[in-house]
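What follows is a short report on a single structure.
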């Protein structure tokens, strides 16, 4: 672990914090072939960037992400800014030969996402640069384990997927306006923010691709209080409900909402197959539930503690000691570093993430067409 | 309880049994203004009807339901036969001035259901006859209590409804063919059989009406083993997933399926409002979960044992002693008898049930139109 | 099912009702070799006995249980009176050659219970009379299934048993005085009333016998409101916590209480063995949880719906349709009738129940001796 | 946060790792009045200490804890070694005027624990040194919140406490011998290792002190495989079950075991009072369950996500984002640093921890006396 992997983090809010913690924590618990070092913190407002750098022991700051890309000693550009800036930064970084880790959703529009995926492909051919999108929930051990079981054939033939991402921070109609409610900044609402997570999780865990969606969306409250006493317009979806057809004849039921009163952060995925079923709920994130048809009269959903030897990422504490939300970011860091060291494509690639964006785009088009079945387009 | 209410049960399978048990059990636990007495059991095959009558202490049998209707001493025709026979029997009974309790779904087609609702209205005007459809889950104490809470304003303004009815008896592709898989006999598949329950429950508990649906359905396995070694065609839906718009701007997410591996009988309803949320799962049927926004940092879904004093139908055993599936039928009997004695319309009326049928019909039309938003028609 | 088994029910309160319902319901759902018929209802107050008889269609009443025993046409004396009357009635009935079903606890004192067990043995030798004690929870399908699994070796070697029976109807210090709070009438408090259930369940399911107990008990509130405005003395235990040594080196942890705020009726049993574990909670009574060590990294507690084909007493409704509290009484009736028809000893026998009483007695003696390990005595 | 608080960590196994992570992570998420800096890692084997230091960015190592105490620039001695070494190190450190954070259990014997508590008191008087014992679960937000609610009177009068700590790593009789199975090294078995946690948690959350215990313990397997093919003796308890009397007439039920098959790490505490109940399970550690009697017919155990604004330690991520096992160590670091900066006694103090040790000692004496009620002695 002597060779360093030098990283610049762009952005220092919620996601910057999660990434900084992960880069520092991952090597203390996992054997890594390269030693990640965050050497530069970038933020538009210098004093905030400095505070972030001080907190995380990052030696230098900049107020311009172009500076990070220009520096020869930096290997990785880690993009933790809002979605409307992803494309420009990521494409520039890739063209400069940097490896890129970009937060989800990959972009705010399908056009941007497609351009980013193309840039990643070209950069890889040109310079060996590698790009990954941060759908961190893939690295929640329970979901990783679910994926592994599916690959091992646990489900038999898959019939159905159901996935929900339920939050409630807008159920109060007087909750304040935030940037996530403006389509210009956020692209879409619940759909892009949390719907993207269940689209990625459902497709990745199941191994099936969404081929068509039929969606209804609602904006329940169209203006919300601003700090100045006025009201800010809401022009994104508050909730999105969509049915889908996946490859192999699988039927999907999806819901993403910020109005599920009492549900703080419930990402749920359930897969129903001929030989078994798998169910996951992020509010019980250290467990996955498994149902085996072969158990006959003794069959029932078994709640598996995924901290046992043999489970993914079981490198932290003894069995039975829970992990939290942030651990998935450390696992993401681990996998990214290992992929870079091996020169292998980390997943989800930008192409993977652009496909999720294409599904989001299809959902929006279907909703605009009152539920007409709509195929994602590349 | 001295005046009898004389009942003929038509049909003696699963539902006949549930009704016979209910008519006999209800008066032992509830004070009733009339004494229900099943005086005639009707079944096409006499020896089966006789066995049924012997089991339940029913004094007479007939192999022709017309005989039941012709008898002057019979007050109530209780229809427990498959859906394709409901309309003919119910309309004849109503026209003869009998009260009618008819199992759900009201009919196999919207046309039949509409005719039945019309017949009920006309019969009531003509003879005072009363008609009710047996959506028995309404009488599960937890759902009754949920309805009561909604009426009391527990939810504030309602934003969303999510409802699932998950079964798994077809997840095995070699499970045998049964009559429920033929549209001619069953009308539709999971949709009419169990989807009708969640449509009724979601609308009734919430007090909001479905105004449009966007649906996808799947038939995963199109032929199944027959006893003779051949295969029977499946021409009904195996699973139906539909989004919906309800009155008052409420958004709905629905799923009915017989392929949810490991889920034996999970009818779930969740309502999300500005002031609270209510969640119910039939696999935990003696409880309802309540979330109160006003509880602030102490808010969480509370699991309420609905056998306490003050809860609906709490006439059985001391608090904390669980009821089962069949108790809802006894409660249905109680409410039917009381309505008849009072000359008041029992609910769900045939009109209520025809409206559910209209939603089922809209779901089928939307599915045929690849998800296009479709309004139920009267 | 043509030969009748004629029954007299002594007592018509909560338990009389449960038994009357069971005798009537059991033959409608199960094939029985004899047809149970309740022919006599006995209660000290004639008008109450008559109301009970009317409710349940019982043709005759009496105010004296001796009359029931004297009648030659009565086969079974079903004792549903308070515990202080059990011994006298049961012994007289047995000496008269009647079969006896007696509610739990078998008696209020060990001396009485022992005498009853002896009387049952003698009567069986003399007349073939059979006696059973009504620990009805044994017939909850989940617990019956647990017993079956243990017999099949599911647990491997058993290490530990933990059992709780938690209720809360006395947690309010101003809850009214009732006869269950007087030792003269009730024998003991939470211990005999509900502790007896977990002692029986833990021993029966595990197949291990309690050989010593170390107990602490508390009476938290020593007087409670009477209807007349005065206060009635409480001289029984409100809660009993006891450790125990069972045969085969098994260690047990038990708690019975009426002060477990919020727990309405939580009878819980968990068995921990080398190869598996079994957990049951009466508040989720249609399920049992199973853990199989052999499942390795896929091991977790699986929640089994015990209404599937192959599960005990699965004669009611299709899989996934829940049973309630009262069904265990019907199962008890089924097993009693079958045993009587076969001339075989139904279980729990009076000897089994007297052994439970011996454990209760040991708990009381240990508590009186401040926890000193105390062996049950025959 | 400019003034540093210089720390030496003694020990680098499981607990050393947890502490190193906490000292580094706490200041990144919490505002601290002093900046904790681990400046020295101590371990008997130099190469292991060096590896640990490299992992955590600790500048220096030593193989002798006396060196750490001798250094003037070190403020805090953080003891993460096995229990048999705690007393010597802690007392020496305190006498040298160092602040001390010592892992639990405070010591292996009551005599040592008492001496440590005395040393802490004397050192505080002499030099202002502060000493704290690391019962880290107190800082699990859910338990902290439970304590806060109890202080606010949530429970009304407390009747009962039940607490379990269930693990299963010895349920396999062929699981290998480890040092925790030798009394000389570990003091006791499940009792000191995990029983100490529930004793501390139950007393601290409830605010009631254990005044007497009646205990049974078992050693189920008395020898286990050694790496060399031989077998190592087990002379500690495998499981301890004890009833207890707490101050104010509260009754307690406790169990600590390593043989609860399928339970990986289930620390459970439940408190039952006149006005409410609180339940916690470490396997669902981001939630606490609350029952409010005043809610009447709407009362039920509500599952509270304790990551909301207003909840303890809610400084990490947005509401609904789970914390893990290790976060309690960061919270412990936060509270320790704040107490040191303020010159106030951090809790649990050595006196608090010695009282827990006295309870452990009483449990062992009661078990040796076959359950006789035994009072802890100072």
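One Cα centroid belongs to the stretch B:167-206, the other to the stretch B:296-316; the line between them spans 30 Å. According to the Kirkwood relation over distinct C-alpha pairs, the hydrodynamic radius of the protein assembly as shown is 34.7 Å.
What would the Debye equation give as log₁₀ I(q)/I(0) for chain C at q = 0.12, 0.14 Å⁻¹, counting only Cα atoms as equal point scatterers? Here log10 of I(q) over I(0) equals -0.95, -1.28. Here the alpha carbons of the stretch A:229-378 define both size measures, Rg and Dmax, at 19.4, 62 Å.
Going 7 Å from the Cα of residue B:368 in the Cα-to-Cβ direction, what parts of the stretch B:233-254 have a backbone nitrogen less than 16 Å from that spot? Backbone N within reach: B:235-237. Distances between equivalent label points of residue A:127 across the copies, with each point positioned 7 Å along Cα→Cβ, amount to 5.6, 8.7, 10.0 nm, shortest listed first.
As a test, work out the antiparallel percent of DSSP beta bridges whose residues both lie in chain A, rounded to the nearest 5. Around 60 percent antiparallel, to the nearest 5. Here is how the number arises for chain A: DSSP H runs of 4 or more residues each give -39500 (n - 2.57), the sum is divided by the residue count, and the result at 222 nm is -10000 deg cm²/dmol.
Secondary structure note: in the protein assembly as shown, about 60% of the DSSP beta bridges are antiparallel. In chain A, Cα pairs under 8 Å separated by at least six residues give a relative contact order of 20 percent.
Neighbour counting of Cβ atoms within 10 Å sorts the residues B:269, D:241, C:38, C:221, fewest neighbours leading, into C:221, C:38, B:269, D:241. In chain D, the beta carbon lying closest to the axis that superposes D onto B belongs to the residue given here with its whole-angstrom distance, D:302, 2. Averaging the Cα positions of each part gives two centres, and for the stretch B:119-166 and the stretch C:220-266 these lie 42 Å apart.
Ranked for footprinting exposure by Cβ neighbours inside 10 Å, fewest first, B:196, D:214 give B:196, D:214. In this structure, residue C:148 and residue D:247 have a Cβ-Cβ separation that, at R0 = 56 Å, corresponds to a calculated FRET efficiency of about 0.80. The alpha carbon centroids of the stretch C:61-92 and the stretch B:50-73 are separated by 38 Å. Placing R0 at 35 angstrom, the Cβ-Cβ distance between residue C:44 and residue B:294 gives a FRET efficiency of 0.10 after rounding to 0.05. Mind telling me which of A:356, A:178, A:334 comes out most flexible in a GNM of chain A, alpha-carbon contacts under 10 Å? Evaluated over chain A, the most mobile residue of the options is A:178. Taking the stretch B:267-309 on its own, what percent of its Cα-Cα pair distances exceed 11 Å? Everything past 11 Å amounts to 64 percent.
Kirkwood's formula applied to the C-alpha pairs of the stretch A:4-135 gives a hydrodynamic radius of 14.6 angstrom. With label points set 7 Å from Cα along Cα→Cβ, the inter-copy distances at residue A:46 are 4.7, 10.3, 10.5 nm, sorted shortest first.
The antiparallel fraction among DSSP beta bridges confined to the stretch A:4-135 stands at about 0%.
In the assembly of identical copies, residue D:72 has its label point, taken 7 Å from Cα in the direction of the beta carbon, separated from the corresponding points by 4.8, 11.2, 11.8 nm (ascending, one decimal).
If you take all C-alpha pairs in the stretch B:246-323, what percent of them are over 21 Å apart? More than 21 Å apart: 46 percent of the Cα pairs in the stretch B:246-323. Under the simplified labelling scheme, the residue A:13-residue A:51 pair shows an inter-label distance of 1.4 nm, with each label point 7 Å from Cα along Cα→Cβ. How would the stretch C:52-196 be classified by its alpha-carbon gyration tensor: rounded, prolate or oblate, with rounded meaning a/c under 1.5 and the a/b versus b/c comparison settling the rest? Verdict is oblate for the stretch C:52-196. When the gyration tensor of the stretch D:144-217 is built from Cα positions, what are the square roots of 5 times its three eigenvalues, in whole Å, from largest to smallest? Over the Cα atoms of the stretch D:144-217, the semi-axes work out to 31, 13, 11 Å. For D:140, D:63, C:257, D:3, the sequence from fewest to most other C-beta atoms within 10 Å is D:3, D:63, D:140, C:257. Within the listed set B:23, B:179, B:65, the Gaussian network model of chain B (springs between alpha-carbon atoms below 10 Å) gives the highest mean-square fluctuation for B:179. Using the Cβ-Cβ distance between residue A:209 and residue B:228 with R0 set to 60 Å, the FRET efficiency from 1/(1 + (r/R0)^6) comes to roughly 0.90.
Read-outs: derived from the displayed coordinates by stated rules, not from any lab. Given the structure is predicted, the values throughout are model-derived calculations rather than measurements. Heads up, the Cβs are rebuilt from the backbone with ideal geometry, glycines too, and the neighbour counts pull from every protein chain shown.
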